[in-house]
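*Asks:* Please find one structure pasted underneath; my questions will follow.
The values are calculated or read from the model by the stated rules, or taken from the named source; none is laboratory data. These numbers were taken from a predicted model, which means no experiment stands behind them. For neighbour counting, all protein chains shown are included, and Cβ atoms are generated from backbone atoms with ideal geometry for every residue, glycine included. SASA here: full protein model, heavy atoms, side chains in, ligands and nucleic acids out. Shrake-Rupley method; radii C 1.70, N 1.55, O 1.52, S 1.80 Å.
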Amino acid sequence: MAKNLTTREEDYSKWYNELVVQADMAENSGVRGCMVIKPYGFAIWEKMQAELDRMFKETGHQNAYFPLFIPKSYFSKEASHVDGFAKECAVVTHYRLKNDGKGGIMVDPDAKLEEELIVRPTSETIIWDTYRKWIQSYRDLPLLINQWANVVRWEMRTRLFLRTAEFLWQEGHTAHATETEAIAEAEQMMHIYAEFAENYMAMPVIKGLKTESERFAGALETYCIEALMQDGKALQAGTSHFLGQNFAKAFDVKYATKEGGQEYVWATSWGVSTRLMGALIMTHSDDNGLVLPPKLAPDQVVIVPIYRNDEQLEAISEVAKDLQQQLRAKGIRVKYDDRDTQKPGWKFNQYELQGVPVRIAIGPKDLEKGTVELARRDTLQKQFVNREEVVGVVEGLMIEIQENLYTKALNYRAEHTTKVETYEAFKKVLEEKGGFISAHWDGTSETEEQVKNETKATIRCIPIDGDDEVGTCMVTGKTSKRRVLFAKAY
């Protein structure tokens with residue numbers, strides 16, 4: 001497999017697009033703006049999905065499924081929500097086709113829906129209409145529901161995984177008896193997302209709050225995790241929203257209290273999507289292809305035989321399959337590639353391109369010496385290991401590679417996080433270095449909008465773990481209680 005990837009330095013965007021396709025992760029479909037996630041890409045998404053699903057269930061959440069279509073009237077019940085999504089909605093107006101009399105088909109004009117249906121861009125409205133039937137008493141609370149689904153947001157400028165008209169995600173929707181419980185839920189989910197990003201994706205994130213202008217439509221508060229990609233741009237990797245009682249009031253969702261009164265419930269919603277696939281690629285990968293953290297790699301180890309005849313292959317296969325069984329017994333995902341349709345060099349390139357963490361090569365000389373050649377994807381280093389020691393070495397490498405990728409990404413973020421005091425310094429750093437810029441902001445949407453219009457940088461978050469530090473806004477000179485993080489973003 002010949003690799004002709006554009007380098008990151010030459011054209012980062014082109015490198016990314018080529019890598020997604022060449023690594024066999026996804027491709028554009030016949031539907032404009034939509035993608036086909038291929039088996040290898042979907043296998044990575046399944047790993048993400050499985051770990052997140054486990055974490056959700058361990059915190060008491062259950063999975064359900066709600067309709068793809070939402071009556072248009074539902075959206076009008078929460079004004080700020082409809083304003084936030086109106087321009088992205090795909091609308092179903094008819095329910096039937098017919099022959100056009102010319103050998104083709106047409107929409108039947110007589111089959112117009114009485115009420116148009118919105119293809120879900122998010123499910124708050126249909127879910128809260130349902131919750132009205134499910135919630136009657138304090139005994140029904142908290143209601144902790146998640147769904148794995150697809151959504152449609154009509155994007156004009158799309159990029160595989162990062163921004164497509166249809167994408168896969170999970171969306172949690174919870175109902176609580178008190179404001180305190182709901183806020184605690186929203187914060188908990190932000191922490192779960194951060195734990196997943198750092199411990200499984202090996203991607204360090206900043207936990208924070210969105211500014212009012214960046215909040216989810218209909219939310220009183222939006223919690224987020226922000227990551228920094230290798231090109232110095234930020235990527236919002238997950239959000240969790242405290243919705244207050246807005247949706248409960250819009251859909252009349254009340255519960256009977258222990259004292260016999262009636263109260264509106266308090267709500268949250270939270271989600272991550274296949275956008276995490278793009279984040280995974282851009283955080284770790286290099287000019288040779290994909291680099292995957294072992295915890296999310298479909299194949300953590302691949303064994304490639306090197307041989308000239310069937311007799312050699314048979315002898316190598318006996319050793320390779322025994323090694324495969326030993327590694328699998330330790331919970332390591334191993335593939336033995338004994339295909340005779342491709343040469344070893346082609347296979348080496350393929351697995352390097354697809355980011356398999358560890359590659360083991362076994363040839364006739366290795367059989368004689370009782371060794372194998374072991375190559376790690378993150379550093380491209382190779383070493384010969386005695387066969388009796390391979391399992392232990394590979395077990396250690398699974399941990400070491402995972403930690404190395406995280407440390408490397410963390411160091412990159414530290415090197416590309418800059419404190420500035422003046423607007424001129426801000427613009428200079430943004431132009432010459434990029435990354436996160438920590439600066440004082442006066443808290444007004446006017447200043448936030450000015451910076452965005454003049455530099456294309458936005459406030460990514462108000463860091464939760466940041467220290468209070470009184471200063472002056474870099475733009476207006478007004479008093480600022482703490483720094484915020486700015487960056488250009490995807």
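*Asks:* Per the 1.4 Å probe, what fraction of the accessible area of the stretch 8-55, in percent, lies on carbon and sulfur atoms?
*Replies:* 48 percent
*Asks:* Reachable lysines from K330, Cα under 20 Å, same-chain residues fewer than 8 places away excluded?
*Replies:* Within reach: K47, K295, K321.
*Asks:* May I ask you to derive the relative contact order of the stretch 45-201, considering only C-alpha pairs under 8 Å and at least 6 residues apart, and to give it as an integer percent?
*Replies:* Reported as a whole number, the value is 23 percent.
*Asks:* Can I ask one more? Let's test the formula: R0 of 51 Å, r as the Cβ-Cβ distance of S80 and E432. What FRET efficiency results, to the nearest 0.05?
*Replies:* Here the calculated transfer efficiency is 0.85.
*Asks:* Looking at Y351, V390, T341, which one has the Cα that reaches farthest to the positive end of the dipole of the stretch 311-398 (charges on Cβ: Lys, Arg +1; Asp, Glu -1)?
*Replies:* Y351
*Asks:* Here is a follow-up. Residues with amide H under 5 Å of H94's amide H, sequence separation 5 or more or different chain, H placed in the peptide plane at 1.01 Å from N; which?
*Replies:* Long-range HN contacts for H94: L113.
*Asks:* List every residue whose amide H lies under 5 Å from the amide H of G238, counting only residues 5 or more places away in sequence or on a different chain, with H placed 1.01 Å from N in the peptide plane.
*Replies:* Correct list: I225.
*Asks:* Additional query: Run the 1.4 Å probe and let me know the accessible area of F348, rounded to the nearest 10 Å².
*Replies:* Estimated to the nearest 10 Å², F348 gives 40 Å².
*Asks:* Along the positive direction of the dipole of the stretch 133-256 (beta-carbon charges: Lys, Arg +1; Asp, Glu -1; about the Cα centre), which of F196, V152, A175 reaches farthest?
*Replies:* Of the options given, the answer is V152.
*Asks:* Which lysines have a Cα lying under 25 Å from the Cα of K427, excluding residues fewer than 8 positions away in the same chain?
*Replies:* K207, K210, K233, K419, K452, K456, K478, K481, K488
*Asks:* Can you name the helices of the chain, as whole DSSP H runs, whose Cα span along the helix axis is 18 Å or more and whose Kyte-Doolittle mean is not below 0.0?
*Replies:* Both cut-offs are met by 390-415.
*Asks:* Okay, moving on. V272's amide H: which non-local residues (gap 5+, or another chain) put their own amide H closer than 5 Å, with H modeled 1.01 Å from N in plane and none for Pro or chain starts?
*Replies:* For V272, the qualifying residues are Q170.
*Asks:* Report the gain in length on full extension from E114 to C34: 0.36 nm times residue separation, minus Cα-Cα distance, nm rounded to one decimal.
*Replies:* Value of the extension gain: 26.0 nm.
*Asks:* If you keep only loop residues by DSSP, which GluC sites (Glu not before Pro) in the stretch 432-472 have at most 16 other Cβ atoms within 10 Å of their Cβ?
*Replies:* Hits after loop and neighbour filter: E469.
*Asks:* Please state the shape class of the chain: rounded when a/c is under 1.5, otherwise prolate if a/b exceeds b/c and oblate if not, all from the C-alpha gyration tensor.
*Replies:* prolate
*Asks:* From the helices alone, meaning DSSP H stretches of at least four residues, give me the mean residue ellipticity at 222 nm for the chain, per-run term -39500 (n - 2.57), in deg cm²/dmol to the nearest 500.
*Replies:* That calculation yields -11000 deg cm²/dmol at 222 nm.
*Asks:* Once label points are set 7 Å from the Cα along Cα→Cβ at both K419 and T379, what is their separation, rounded to one decimal in nm?
*Replies:* 3.3 nm
*Asks:* Still on this structure, I have one more. Using a probe radius of 1.4 Å on heavy atoms only, what accessible surface per residue do you get for the chain? Whole Å² is fine.
*Replies:* Accessible area per residue, the chain: 47 Å².
*Asks:* Using a basic spin-label model with each label point 7 Å from the Cα along Cα→Cβ, how many nm lie between E179 and V21?
*Replies:* 5.3 nm
*Asks:* Take the solvent-accessible surface of the protein heavy atoms, probe 1.4 Å, and return the percent of it on the stretch 77-147 that carbon and sulfur atoms account for.
*Replies:* 52 percent
*Asks:* Pop out the carbon and sulfur fraction of the accessible area of the stretch 355-423 as a percent, whole number, probe 1.4 Å.
*Replies:* After summing per-atom areas, the C and S share lands at 51 percent.
*Asks:* So for the stretch 61-162, if I pair up every lysine 8 or more residues apart or on another chain, how many of those pairs have alpha-carbons under 26 Å apart?
*Replies:* Lysine pairs, 8 or more places apart or on different chains, close enough: 10.
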